[in-house]
1. Is region 85-199 rounded, prolate or oblate when judged by the Cα gyration tensor, a ≥ b ≥ c being the square roots of its eigenvalues, rounded requiring a/c under 1.5 and prolate requiring a/b larger than b/c?
2. Tell me, in nm to one decimal, what length is gained between residue 26 and residue 150 on full extension, where the rule is 0.36 nm per residue of separation less the Cα-Cα distance?
3. How much net charge surrounds residue 111 when only other residues with a Cβ under 12 Å from its Cβ are counted (Lys, Arg +1; Asp, Glu -1)?
4. For residue 204, what is the net charge nearby, where nearby means another residue's Cβ is under 12 Å from its Cβ and Lys, Arg count +1, Asp, Glu -1?
5. Per residue, how large is the accessible surface of region 113-208? Use a 1.4 angstrom probe and give square angstrom.
Amino acid sequence: MLREDDSAVEPSSGDIVDAVFAISCRTLPVDHAYALSQAVQAALPWFAAEPRAGLHIIRAAESSSGWMRPEGPEMLLHLSQRTRLVLRLPQHRMEAAAALLGRTLDVAGHALRVDRLSARPLSRITTLISHCVLLAGCNGESEFRLAATEQLDALDIEPAEMLCGLMTPIATPGSTLQTRSLMLAGLTRSQSVLLQQQGLGAERRLGCGVFIPHKAIGDLRSRPD
């Protein structure tokens, strides 16, 4: 059943929302982006062709010192009952996304059952992070920063701070994509919403360039629209 998320933040302008699914799944591979994307596309054939659709990579519960990605190709994420599958979609795709309900997806040999669905509006928090951003032709942090700045300029987005983080590989049958995390602070609320709507870089359906809120003290005195 589709319902509004009671804990959601103030609704944003525009028509992009997060489709949040409760799931039952004990473990997933650390690098599960491709397998999960393929499983979703098999169940929702329109997902691959929807230009503004994105996948949130599933992350395990944080430790006391923050979420740490286990190292090694054989390592697994151990998921809790609070773990969610989240797709970023145009609002008009929400009813179609409900076709996932009751299905058990095969994600690289791991069973992931999809249960309840709720719609979550985009956040207006002005510090955002994407844990995996893919920008073509970037061999180092300086090139990555320059390419990110160029794409942000094209959206008329100028963050007060930009922090490039760790590299995260995403394996696909054709190649291993080298992505990097990116945190942006000091956005206006309208810039924050726009960036969540548009994303940054390539491979949104592999979870790349999908931005989520990163709560910081500065958000309490955030820039106006």
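1. Details: a/c = 2.62, a/b = 1.36, b/c = 1.93.
Oblate.
2. So the extension gain works out to 40.6 nm.
3. The answer is +2.
4. Working: positive: 52, 88, 205; negative: 50, 203.
Here the count lands on +1.
5. Details: 4270 Å² over 96 residues.
On a per-residue basis, region 113-208 sits at 44 Å².
The values are calculated or read from the model by the stated rules, or taken from the named source; none is laboratory data. None of the values given here were measured: they were computed from a predicted structure. Glycine also receives a Cβ, built like all others from the backbone with ideal geometry; neighbour counts cover every protein chain displayed. Note: accessible area is taken over every heavy atom of the protein model, side chains too, but ligands, DNA and RNA are not part of it. Shrake-Rupley method; radii C 1.70, N 1.55, O 1.52, S 1.80 Å.
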